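Worksheet for the structure shown next.
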Amino acid sequence: MFELPKHIKEVHVYEPGKPIEELEKELGIKNIVKLASNENPLGPSPKGVQAIIEDLKNLNRYPDGNSYYLKKALAQHLNVKPENIFVGLGSNEALDIISRAYLRPGKNAVYSEKSFAVYPIVVQLAGAQHKVVKAKDNYYMDLKAHLDAIDENTAVVFLANPNNPTGTAFTKKEFEEFLKEFPDDVLLVLDEAYYEYAVGAGLDVENGVEYIYDKNILVTRTFSKIYGLAGLRLGYGVAKEEIIADMNRIRQPFNITRPSQIAGVAALEDKMFIKQSQVVNEEGKKYLYKEFEKLGLNYVPTYANFILVDVGLPTREVFRRLLEKGVIVRAMDGYGFPTCIRVTIGTMKENIIFIDKLKEVLEEMKK
C-alpha cells in the first residue's frame with residue numbers, strides 16, 4: 001500500500017473558502033464584500049488586462065519557458081540582471097522551491113510565530129525542523145530573536161517585511177543592523193509581498209534587492225497584491241545568480257502561463273495605477289483607524305493593505321456573523337489571535353459597508 005512520509009502527512013492542509021457566487025446562493029444575499037485576502041480593491045492593472053486581451057490569439061502557443069521578456073522587464077525595473085530573477089506561481093512557489101533546494105531532515109528553518117502561514121508548510125514539506133521565535137509584544141518581528149535562534153543546523157531564515165498578518169514592519173536602519181550580525185552561511189528569505197504598500201505609507205523600508213550581494217539573500221515579491229493580478233498567480237524572487245540557478249533546477253518547465261508573463265510586463269509600467277492604489281490604501285487606512293477608535297477597538301498600525309483589529313469577541317463568531325451580513329474578513333484564531341480579525345483595506349464604499357456591519361455584529365453580540 002502506498003503511504004505518505006510522516007512529515008508530509010503532518011502538513012496542515014490549506015482550507016479554501018467557497019466561491020463568492022456559492023456563498024451568495026447559500027446565504028440568499030447579493031454583492032458580498034470580500035475583504036479577506038488582501039487583494040487590490042481597484043481590480044487588476046488596466047495595462048495588464050489590455051495586454052492579455054491583445055495577446056489572446058496566441059493561446060495555442062506554449063508560454064516562453066524562460067519568461068524572457070518578463071525577466072528582462074523585471075531586471076530593468078529592479079536594476080539587476082535577468083540571471084538574478086526567478087519567476088514563479090506567486091511568491092509562494094519561490095518559497096516552496098527554495099525550501100526544497102536547501103532544507104532537508106537534520107536542517108532547520110527560523111521564522112516568527114506570528115508570520116505568513118506558508119513558512120511552516122514549506123519547511124514541513126522539506127522534512128526540516130522548525131525553530132519558531134516569539135513575536136515582540138505579540139505583534140512585531142523580533143529581529144534579535146531570529147538571530148539568537150540560528151544554530152549550526154540552520155539553513156534558512158524567513159523574514160516578512162511588512163509582515164502578514166500583523167501589518168507591522170521594520171525600517172531600513174533596523175534591517176541593516178540585523179544584517180551585520182547575520183551569518184554568511186545561512187540563507188535569508190526576505191518576503192516583500194507588501195513592499196509597495198510600505199513605500200506608499202512613507203516608511204523608510206529596506207529595498208531588499210539592494211542587498212542580494214551582501215549576504216545570501218532571496219527577496220520574494222508578488223504581482224498578486226498592489227498590481228491586482230492575484231488570479232494569474234505571478235510572483236518572483238531576486239538573488240545571486242547561483243541561488244537562482246539552483247531554484248531553476250527544481251522548477252517545472254512552462255510554470256508561468258503566457259497571459260501571466262504578458263500581463264506582468266505591462267503591469268510594471270502601470271505607474272498611475274500603482275500610485276492610485278497606494279493613495280486609496282492610505283485613505284482607507286485613515287478612515288478605518290478613526291472608526292476603530294470610535295468603537296474603542298485596539299488595532300495594529302499597518303504598513304500593508306490590511307489591518308489586524310481586536311474586536312474583543314471570539315473571532316470565528318464575528319467572522320460568521322459578518323459573513324451572514326455579506327462581508328468576508330479573515331478569522332485570526334489560527335495565528336494565535338482568538339479575538340482578532342484581519343480586514344483588507346477596500347474601496348471607501350467597501351470600508352463603510354464593513355464598518356456598518358461590524359457595528360451591527362458588535363451590538364448583537366454584546367446584548
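Each principal axis of the Cα cloud of the stretch 43-127 was taken in turn, and the coordinate range along them, longest first, works out to 49, 30, 29 Å. When both the stretch 22-81 and the stretch 115-159 are represented by their alpha-carbon centers, they are found 30 Å apart. Looking at the stretch 72-144, the accessible area is 43 square angstrom per residue; that uses a 1.4 Å probe and ignores ligands, DNA and RNA. Between the amide H of residue 240 and those of 217, distances stay under 5 Å, these residues lying 5 or more places away or on another chain, with hydrogens modeled in the peptide plane. Across the stretch 1-116, C-alpha contacts under 8 Å between residues 6 or more apart give a mean separation that, scaled by the residue count, equals a relative contact order of 8 percent.
Counting only DSSP beta bridges with both residues in the chain, the antiparallel share comes to about 50 percent. With distances taken between every two different alpha-carbon atoms, the stretch 203-301 has a Kirkwood hydrodynamic radius of 16.6 Å. Within the stretch 80-235, the percentage of alpha carbon pairs spaced more than 26 angstrom apart rounds to 20%. If you take the Cα centroid of the stretch 204-265 and the Cα centroid of the stretch 286-365, the two points sit 31 Å apart. On the stretch 300-349, 57 percent of the accessible area sits on carbon and sulfur atoms, based on a 1.4 Å probe.
The residue among 274, 252, 263 whose Cα reaches farthest toward the positive pole of the charge dipole of the stretch 247-290, with charges on the beta-carbon of Lys, Arg, Asp and Glu, is 252. Charge dipole (Cα centre; +1 on Lys/Arg Cβ, -1 on Asp/Glu Cβ; no other charges) of the chain amounts to roughly 800 debye.
Dimensions of the chain along the principal axes, based on C-alpha atoms and rounded to the nearest Å, stand at 60, 55, 53, largest first. Taken about its Cα centre, the stretch 28-97 carries a charge dipole of about 220 debye when Lys and Arg each add +1 at the Cβ and Asp and Glu each add -1 at the Cβ.
How large a share of the accessible area of the stretch 188-240, in percent, is made up of carbon and sulfur atoms when the probe is 1.4 Å and the other protein chains stay in place? After summing per-atom areas, the C and S share lands at 45 percent. Projecting the Cα atoms of 122, 88, 99 onto the charge dipole of the stretch 33-189 (Cβ charges, centred on the Cα centre) puts 88 farthest toward the positive pole. Among the lysines of the stretch 116-206, pairs that are 8 or more positions apart or on different chains and have alpha carbons within less than 20 Å of each other number 9.
Against the empirical curve 2.2 N^0.38 Å, the C-alpha radius of gyration of the stretch 276-315 lands at a ratio of 1.21. The dipole here belongs to the stretch 253-367: it is taken about the Cα centre, uses +1 on the Cβ of Lys and Arg and -1 on the Cβ of Asp and Glu, and is about 80 debye. Mean separation of Cα pairs under 8 Å and 6 or more residues apart, divided by the residue count, gives the chain a relative contact order of 23 percent.
Helical content alone sets the calculated 222 nm signal of the chain at -12500 deg cm²/dmol, taking -39,500 (n - 2.57) per DSSP H segment of four or more residues and averaging over every residue.
Working ranking of peptides 266-276, 156-166 by packing, defined as the average number of other Cβ atoms within 10 Å per residue, highest first, is 156-166, 266-276. When restricted to Cα atoms, the stretch 143-223 yields an Rg and a Dmax of 12.3, 39 Å, respectively. Given a 1.4 Å probe and the protein chains as shown, residue 185 ends up with an accessible area of around 130 Å².
The values are calculated or read from the model by the stated rules, or taken from the named source; none is laboratory data. If you're wondering where the values come from, they're calculated on a predicted model, not measured in any experiment. Neighbour counts are summed over all protein chains in view; Cβ atoms, including those assigned to glycine, are modelled from backbone coordinates with ideal geometry. Keep in mind that these areas ignore ligands, DNA and RNA; they rest on the heavy atoms of the full protein, side chains included. Shrake-Rupley method; radii C 1.70, N 1.55, O 1.52, S 1.80 Å.
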